[in-house]
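Structure, as structure tokens:
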Amino acid sequence: PVRLGVVGLGTVGQGVLRLLGHNAEEITRRVGTSVVVTDVAVRDPARARDCDLSGIRVWDDAVRLVREADVDVVVELIGGKTVAREVILAAIARGKPVVTANKALLAEDGNAIFEAARMAGVVVAFEAAVAGGIPIIKAIREGLAGNVIASVAGIINGTCNYILTQMAEKGESFEDALATAQRLGYAEADPHFDVGGIDAAHKLAILAAIAFGMPLAYGEVAVEGITHVTPEDIKIAQVFGYRIKLLAIAKRHGAAVELRVHPTLIPDDTVLAKVDGVLNAVVVHGNAVGQVGFYGRGAGGDATASAVVADVIDVARALVTDSRHVVPALAFQPDALRPLPVLPIRAVESAFYLRLRVADEPGVLSQLTAILAAHDISIEAILQREPRGGDDATVALITSVIPEHRFDDALAEMQRLPFVRAGSARFRVEKFD
Ligand code: NDP
Ligand code: HSE
């Protein structure tokens, strides 16, 4: 097994332990060997945790864990710039790969940390540092590597987006919305980092570095937070057809770049305006691909754990796999691929839209609905259009979610009715909710 030492078991750390447990089998199939947490460090070992710590050694000194524990990878989830920094440098000094979600530390001290890691020949992975569960680091660094990137912009602080959404949609006060974001585990230990725009600026500095190939330049980001955005501004902006969002923007201008974070009015029919709550979205403009958008949960234990565990898997694969096949072609190790039966389409479930041409005579609707009822199909919406230029009327309806064979059987029965004309239409309905 690949052995992990996880320092910090707060919102994200507990999420990571839960995810490694729930998805253990799938992770083993991806890596080629199991990934186990053998050691954790916290400030208060007596505190109850929402994850299984059985068989795991608990340390109260994170730096000691890194210096002494027999682990293969160090996962730093403490946050801040003091102990976390010591932990990461100690891991690098011992030649241990590091996975971290610590954008504050990387944005402010990353140039030195990455140089130390390069000198020691170890990896510092940080997918979770930007936009929570959205794999934006890998996407820019690898998936878009063929492009010259012109800009990266988006909503990259879940707490601010949550607060602005609650204020706009529920009329909630700034203070109440912030308190809920803290309770849900979205906010930084010092929430001023969120509402002051500092967290978004940290993330923007990281994005700009990997998008433009420049050293981390957090100190040069122009930053304005959301504390002075009032409910009145939000309402007036809505009247004008705008939403107020905290945007982070990095743009190339010839040989220079602009880096800025600030509340911004954006037209309410744009994609970014519809990104609400804790969701983040990042739009990247590459000179070959054009615009590409990424969207998903930007904070919270489980979403962030998704990114941390992805890094853990990357690092673990590099430790146990021969260097020519670090990432298996089909994502899972070849000997872990398993044939899966594909469901016949008649067994697949969805809602259906049905349009029928019918004779305009009494009893038509009742017979159609009786057939649907007999097949245990509920009608979510229905309309009938009066005949126009002929004797036929149109009946259209949307069903509840049902197995396809049940809908087809009912449809076949309906089509045998004498008043149903040729020329019906049937489409599947997916709501993605
Ligand atoms: P929490 O405050 O919830 O957890 C911090 C953890 O670190 C706690 O378990 C705490 O121990 C432990 N800790 C603090 N000081 C020490 C110390 N000196 N030695 C050992 N352990 C210590 O933070 P989060 O989980 O929210 O955040 C962790 C990191 O992830 C931060 O860098 C944050 O910016 C980043 N992040 C957070 C996201 C989120 O949605 N929360 C999203 C993306 C990144 P104890 O519990 O005993 O007090
Ligand atoms: N406090 C951060 C946010 C956590 O609200 O976006 C995710 O990085």
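Worth pointing out:
- Rg and Dmax of the stretch 184-311, Cα atoms only, in Å: 15.4, 44
- Working note: Cα atoms of the stretch 331-408, range along each principal axis, descending, whole Å: 64, 27, 17.
- Other residues within the sphere of radius under 9 Å centred on the Cβ of R18, judged by their own Cβ, net out at -3 (K and R +1, D and E -1).
- For F126, F193, F212, F427, the sequence from fewest to most other C-beta atoms within 10 Å is F427, F212, F193, F126.
- Calculated P(r) tail over 19 Å for the stretch 263-411, as whole % of Cα pairs: 75 percent
- 3J(HN,Hα) along the stretch 95-103, derived from phi through the Karplus expression 6.51 cos²θ - 1.76 cosθ + 1.60 where θ = phi - 60°, amounts to x, 9, x, 10, 10, 9, 10, 8, 5 Hz, with x in place of Gly and Pro.
- Among the trypsin sites (Lys or Arg not before Pro) in the stretch 54-156, those placed in a DSSP loop whose Cβ has at most 16 other Cβ atoms within 10 Å are K81, R94.
- Of A305, A120, A410, the residue with the greatest mean-square motion in the GNM of the chain, using alpha carbon springs below 10 Å, is A410.
- The chain - share of DSSP beta bridges that are antiparallel (%, nearest 5): 70 percent
- Computed lengthening from A93 to L53, 0.36 nm per intervening residue step minus Cα-Cα distance: 11.7 nm
- Rounded FRET efficiency, nearest 0.05, which uses the C-beta distance separating A288 from S34 and R0 of 56 Å: 0.90
- Averaged over residues, the count of other Cβ atoms within 10 Å places the peptides 197-204, 158-165 in the sequence 197-204, 158-165, highest first.
- Along each principal axis, taking the top coordinate minus the bottom one, the Cα set of the stretch 80-180 gives 52, 37, 19 Å in descending order.
- Where chymotrypsin sites (Phe, Trp or Tyr not before Pro) fall in DSSP loop in the stretch 302-368, at most 16 other Cβ within 10 Å: F332
- All C-alpha pair distances within the stretch 388-433, sorted into 10 Å bins from zero, spread as 19, 51, 24, 7, 0 percent across the bins.
- Checking the Cα-Cα distances for K170/K274; K81/K138; K81/K103; K81/K203; K170/K431 against a 20 Å cut-off, the pairs over it are K81/K138; K170/K431.
- Among A187, I156, P135 - extreme Cα towards positive end, dipole of the stretch 73-197, charges at beta-carbon: P135
- Between I402 and S350, A351, the built amide H atoms are under 5 Å apart, and every one of these is 5 or more places off in sequence or on another chain.
- Extension gain, M214 to D44, is 57.3 nm, computed as 0.36 nm per intervening residue step minus the present C-alpha separation.
- Each residue, Y353 and V320, gets one label point 7 Å from its Cα in the Cβ direction; the gap between the two is 4.8 nm.
- Here the 3J(HN,Hα) profile of the stretch 388-405, calculated from phi with Karplus coefficients 6.51, -1.76 and 1.60 at θ = phi - 60°, is 10, x, x, 9, 8, 10, 10, 10, 10, 8, 10, 8, 6, 6, 8, x, 4, 5 Hz, Gly and Pro shown as x.
- Taken over the C-alpha atoms, the stretch 261-351 has Rg and Dmax values of 19.6, 52 angstrom.
- Between the amide H of E224 and those of V261, H262, distances stay under 5 Å, these residues lying 5 or more places away or on another chain, with hydrogens modeled in the peptide plane.
- Near R406, once Lys and Arg are set to +1 and Asp and Glu to -1 for all other residues with Cβ below 14 Å from its Cβ, the sum equals -3.
- The chain: Cα Rg divided by the 2.2 N^0.38 Å rule of thumb: 1.22
- Ordering of 342-350, 370-378 by packing is 370-378, 342-350, highest average first (other Cβ atoms within 10 Å, averaged per residue).
- When only the Cβ of Lys, Arg, Asp and Glu is charged (+1, +1, -1, -1), the dipole of the stretch 27-87 relative to its Cα centre reaches about 200 debye.
- Neighbourhood net charge (12 Å Cβ-Cβ; Lys/Arg +1, Asp/Glu -1) for R388: -2
No value in this document is a laboratory result; all are computed from the given coordinates. The structure displayed is predicted, hence computed values, not measured ones. Cβ coordinates were reconstructed from backbone atoms using ideal geometry, including for glycine residues, and neighbour counts include every protein chain displayed.
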